[in-house]
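Structure, as structure tokens:
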Amino acid sequence: MRAVIIGNGTVEDHVYLRSLIHSDDLIICADGGLRHAKAMDVIPDIAIGDFDSSEKEERVKTYVYPKRKDFTDGELAVDYAIEHGYDEIMLLGMTGTRLDHTLTNIMLLAKTENIYMVDDHNEIYIVSSKLILRERKGKTLSIIPVNGDLCGIVTEGLEYPLNNETLYFGHSRGNSNVITDDICSITVKNGLGIVVVNDGE
């Protein structure tokens, strides 16, 4: 089962993001994500947050938290999905003009291996052991170390392959590669990296 979390970030194309949601997904809104769900004509199963960005929806099971808390509404939603054992978690509406929130939300991907983020222009993943991407041929792919050097990287299906190499923290060598096969894999021995897939425009 997959959980889809909708946040309060910037969404340009609600129709596109709506097309990514399956009928059997559990839909969780993090507070202001309720407005995006409404724009997508989606009724969420659960809403979580302090509701300082939206009004509670009576038809939706709601978990209310105080405004003064140590966690963002997005993190509360991710934790809910993890704690309830969903084997795939997709985040929507989690990037935008608030760079602090965007960075924090991207770092939430480090909580579990079965989570990824999609916005109008990007797919964002975390790799700490192995990541396999399918049907992304022709897309641009960047690998960005986030907690130190990313060591022992082996890639398949990329224009510029890496074979047991290191991407160094604070350097841009891993940016703007190109996926050349229907299946692309990235294997890492040590470290944590963000993988961003987009059209390269």
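The values are calculated or read from the model by the stated rules, or taken from the named source; none is laboratory data. Please read all numbers here as calculations on a predicted model, not as lab measurements. Note that each Cβ is placed from the backbone with ideal geometry, even for glycine, and that neighbours are counted across all protein chains shown. We work out accessible area using only protein heavy atoms, side chains counted, and drop any ligands, DNA or RNA first. Shrake-Rupley method; radii C 1.70, N 1.55, O 1.52, S 1.80 Å.
Where in region 187-201 is the amide nitrogen less than 16 Å from a point lying 7 Å along the Cα-to-Cβ axis of Tyr160?
195-198, 200-201
By how many nm would the segment from Asn122 to Glu201 lengthen if fully extended, with 0.36 nm per residue of separation less the alpha-carbon distance?
My answer for the length gained is 27.4 nm.
Any idea how far apart Val64 and Lys38 come out in nm if each label point goes 7 Å out from Cα toward Cβ?
1.8
Could you check the spin-label model distance between Thr187 and Leu20? Points 7 Å from the Cα along Cα→Cβ, value in nm.
About 2.9 nm separates the two model spin labels.
Could you put Val15, Val195 in order of accessible surface area, largest first, with the 1.4 Å probe and the full protein assembly present?
So, going from the largest accessible area down, we get Val15, Val195.
Given the pairs Lys69/Lys189; Lys69/Lys111; Lys67/Lys130, which are separated by over 28 angstrom at their Cα positions?
Lys69/Lys189; Lys67/Lys130
Over the chain, what is the percentage of antiparallel beta bridges among all DSSP beta bridges, to the nearest 5?
That works out to approximately 60 percent antiparallel.
Please find the FRET efficiency linking Asp87 to Ser172, where r is the Cβ-Cβ separation and R0 is fixed at 41 Å, and quote it to the nearest 0.05.
E(calc), rounded to 0.05, equals 0.75.
Taking all pairs of distinct Cα atoms, average 1/r, flip it, and tell me the Kirkwood hydrodynamic radius of region 115-201 in Å to one decimal place.
12.6
With +1 assigned to the C-beta of every Lys and Arg and -1 to the C-beta of every Asp and Glu, and no other charges, what is the dipole magnitude of region 130-198 about the Cα centre in debye, to the nearest 20?
Computed about the Cα centre, the dipole is about 140 debye.
Which residues' amide hydrogens lie under 5 Å from the amide hydrogen of Phe169, considering only partners 5 or more residues apart or on another chain, with H built in the peptide plane?
Asp149, Leu150
Using packing as a proxy for protection, rank 85-91, 63-69 so that the peptide with the highest average count of other Cβ atoms within 10 Å comes first.
Highest to lowest by the protection proxy: 85-91, 63-69.
With axes computed from alpha carbons, what is the tilt in degrees of helix 73-83 against the longest principal axis of the chain, rounded to the nearest 10 within 0 to 90?
Roughly 80 degrees, rounded to the nearest 10.
Which cross-chain or sequence-distant (5 or more) residues have an amide H under 5 Å from the amide H of Thr180, H modelled 1.01 Å from N in plane?
Gly138, Leu158, Glu159
PRE reach from Ala110 (point 7 Å along Cα→Cβ): which of region 143-164 fall under 14 Å by backbone N?
144-150
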